[in-house]
Amino acid sequence: MNLNIRQTVVQNVKDNNTEQLQDTIVDSIQREEEQLLPGLGVLFEIIWKESAEQDQQQMLQKLENGLKH
């Protein structure tokens, strides 16, 4: 079985508005289910690719700070 996680995630949320996307992200984080992590990774990949270098650096700083807590 060849499952394209990226395609599946994008298909599932491509028509969502900002509020729906936020609900999806928050729900996935709050549920703390391992099987949801790949989907969050796909969403992060999209955010990363759409972000300017300065924004990427801010995300990296936030990630580094968050890992220290």
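Values in this text are rule-based calculations from the coordinates and carry no lab data. For clarity, every value in this text was computed on a predicted model and none was experimentally measured. Methodologically, a virtual Cβ is constructed for each residue, glycine included, from the backbone with ideal geometry; neighbour enumeration extends over all protein chains shown.
Is there a quick way to get the dipole size of the chain? I mean about its Cα centre, with the Cβ of Lys and Arg at +1 and of Asp and Glu at -1; what is the value in debye to the nearest 20? Don't jump to the answer; show the numbers that get you there.
On the way: 6 positive and 12 negative charges, 33 e Å.
For this selection, approximately 160 debye.
Treat each spin label as a single point 7 Å out from the Cα along the C-beta direction, and report the Glu19 to Leu37 distance in nm.
3.2 nm
State the three equivalent ellipsoid semi-axes of the chain, derived from the C-alpha gyration tensor as the square roots of 5 times its eigenvalues, in descending order and whole Å.
On the way: eigenvalues 96, 48, 36 Å².
Taking √(5λ) for each eigenvalue gives 22, 16, 13 Å, largest first.
Quick check: residue separation of Ile5 and Trp48 times 0.36 nm, minus the Cα distance between them. What number comes out in nm? Please report the intermediate quantities before stating the final value.
On the way: separation 43, 0.36 × 43 = 15.48 nm, distance 1.72 nm.
That pair, Ile5 and Trp48, stretches by 13.8 nm at full extension.
Multiplying the sequence separation of Met59 and Ser28 by 0.36 nm and subtracting their Cα-Cα distance, what value in nm do you get? Present the calculation step by step, with values, prior to reporting the outcome.
Details: separation 31, 0.36 × 31 = 11.16 nm, distance 1.93 nm.
Answer, rounded to one decimal: 9.2 nm.
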